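Novice: Take this structure, written in structure tokens, and hold onto it; I'll ask about it next.
The values are calculated or read from the model by the stated rules, or taken from the named source; none is laboratory data. These numbers come from a predicted model, not from an experiment. FYI the Cβ positions are ideal-geometry reconstructions off the backbone, even for glycines, and counts take in every protein chain you see. SASA here: full protein model, heavy atoms, side chains in, ligands and nucleic acids out. Shrake-Rupley method; radii C 1.70, N 1.55, O 1.52, S 1.80 Å.
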Amino acid sequence: MARSEPDWDYLARHGPDRSPLQLRFPLGADWHSLPRCRHTGCDRPATSWPWLCHRCASDWRKAGAPSDIDSWCASAPVPLARRTYAEHRCRVGCDRAAEVHGLCKSCASERRMLRLTVEEYLARGRAPRPGFGKCLVRVCPRMAVVRRSRLCLPHQKQWSNAGTPDREAWALAAAAVYTSVDVVPLVDLAPTIVVQVLRGYEAQLRQGGRINPAQVKSAVRWLCDNAVDDLAAAELPAKGAKTTYLRLWQRTLPLLEADPATEHTRTLVSCTSSTPATRAGASIWGTSTLPGSRTSPSNTSCASPPAAPRRRG
């Protein structure tokens with residue numbers, strides 16, 4: 001029988017984390033298209049030319065946008081470490097998220113007040129501060145940074161911008177926060193959708209396609225925004241970059257559900273998305289004999305091997 005779960009062992013090498021449930025795209029991996037910033041000392045992703053992260057690109061433009069970018073990178077100072085939440089704890093030992101210098105907000109404030117360097121502050125041996133627990137938002141894996149609201153910083157800003165409604169009710173409905181192009185949370189999706197997305201994602205990888213993280217992010221956000229509970233039955237837009245991968249995965253699902261034991265014949269069919277972002281290496285393979293399957297869906301070019309010529313005489 002066809003399996004209904006993705007191959008978790010295979011996927012473990014290609015992005016997914018199961019706790020928290022999310023897709024990660026390690027910079028420099030050859031199975032996705034997201035490069036590392038050209039500055040050798042930078043640990044941020046770059047999404048477009050000149051292939052500098054947003055911070056280095058800003059510094060490069062302030063320097064007059066020199067044409068020899070590699071020489072500029074070699075002489076430019078190393079940017080501050082990438083700021084991430086819920087990934088690094090305070091260096092003092094506090095059960096709180098660290099900011100850019102490796103200290104939580106409280107320790108960083110105290111360090112500035114004492115006018116000490118980070119290393120001098122750490123040498124004082126201050127006792128670690130207790131944390132505020134996990135962010136109150138149901139689908140958020142980050143640590144809370146505000147004692148009173150028990151929200152992480154991004155959700156604290158969202159809650160304030162929404163007019164500070166009832167916090168408990170707001171937190172139940174609030175969506176996961178997307179703060180980085182190389183991390184795509186899946187916790188907002190229904191369990192059925194998670195399996196469907198990962199199976200389509202896996203099929204795409206197994207055919208040698210390089211994953212575009214921005215396309216994955218757009219696809220997941222579309223599913224969340226439209227409250228889709230079954231990708232196979234969803235009515236997707238006929239075109240549009242935000243749903244390119246969804247159309248590809250949706251066409252893949254019936255082929256993955258096929259039971260080879262019940263098939264009498266098998267024809268190789270190449271279905272390649274005609275969208276430029278996925279034209280290279282995004283082909284899927286399936287059978288043309290599946291009950292109810294479509295061999296010529298819109299926005300694809302499907303070609304079977306040519307039939308052998310007939311003999312005469």
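Novice: Given H placed on each backbone N at 1.01 Å, which residues far from Val146 in sequence or on other chains put an amide H within less than 5 Å of it?
Specialist: Result for Val146 returns Leu151.
Novice: What is the magnitude of the charge dipole of region 102-261 about its Cα centre, with +1 placed on the Cβ of each Lys and Arg, -1 on the Cβ of each Asp and Glu, and no other charges, expressed in debye to the nearest 20?
Specialist: 980
Novice: Summarise the accessible area of region 59-124 (1.4 Å probe, protein heavy atoms) by the percent that is carbon and sulfur.
Specialist: Roughly 49 percent, rounded to a whole number.
Novice: Largest first, what is the accessible-area ranking of His101, His39 with a 1.4 Å probe?
Specialist: The most accessible residue leads, giving His101, His39.
Novice: What are the ³J(HN,Hα) values, in whole Hz, obtained from phi via the Karplus relation 6.51 cos²θ - 1.76 cosθ + 1.60 with θ = phi - 60°, for each residue of region 53-62 in sequence order, with x given for Gly and Pro?
Specialist: 5, 4, 6, 5, 4, 5, 5, 5, 5, 5
Novice: Using only alpha carbon pairs under 8 Å that are at least six residues apart, calculate the relative contact order of region 70-144 and give it in whole percent.
Specialist: With pairs under 8 Å counted, the relative contact order is 28 percent.
Novice: Further question on the same structure: Farthest toward the dipole's positive end in region 1-119, which of Cys37, Leu11, Cys104, given Cβ charges of +1 (Lys, Arg) and -1 (Asp, Glu) about the Cα centre?
Specialist: Of the candidates, Cys104 comes out farthest on the positive side.
Novice: Return the sequence-ordered ³J(HN,Hα) values of region 190-198 in whole Hz as given by the Karplus equation 6.51 cos²θ - 1.76 cosθ + 1.60 applied to θ = phi - 60°, using x for Gly and Pro.
Specialist: 5, x, 4, 5, 4, 4, 5, 4, 5
Novice: How many angstrom lie between the Cα centre of region 160-207 and the Cα centre of region 209-239?
Specialist: 11
Novice: Does region 67-171 classify as rounded, prolate or oblate by the C-alpha gyration tensor (a ≥ b ≥ c root eigenvalues; a/c under 1.5 gives rounded; else a/b over b/c gives prolate, otherwise oblate)?
Specialist: It is oblate, given that a/c is not under 1.5 and a/b is not larger than b/c.
Novice: Using θ = phi - 60° and the Karplus relation 6.51 cos²θ - 1.76 cosθ + 1.60, list the HN-Hα couplings for region 239-244 in order, rounded to whole Hz, with x at every Gly or Pro.
Specialist: 8, x, 5, 5, 10, 4
Novice: Using a 1.4 angstrom probe on the protein heavy atoms only, could you order Thr40, Thr252 from most to least accessible area?
Specialist: Order by accessible area, largest first: Thr40, Thr252.
Novice: Leaving ligands, DNA and RNA out of it, rank Ser19, Ser4, Ser160 by accessible area with a 1.4 Å probe, largest first.
Specialist: Ser19, Ser4, Ser160
Novice: Taking a cut-off of 17 Å, what percent of all Cα-Cα pairs in region 1-147 are separated by more than that?
Specialist: 72
Novice: Would you tell me the accessible area of Met113, worked out with a 1.4 angstrom probe on the heavy atoms of the protein chains, in Å² to the nearest 10?
Specialist: That residue has around 140 Å² of solvent-accessible surface.
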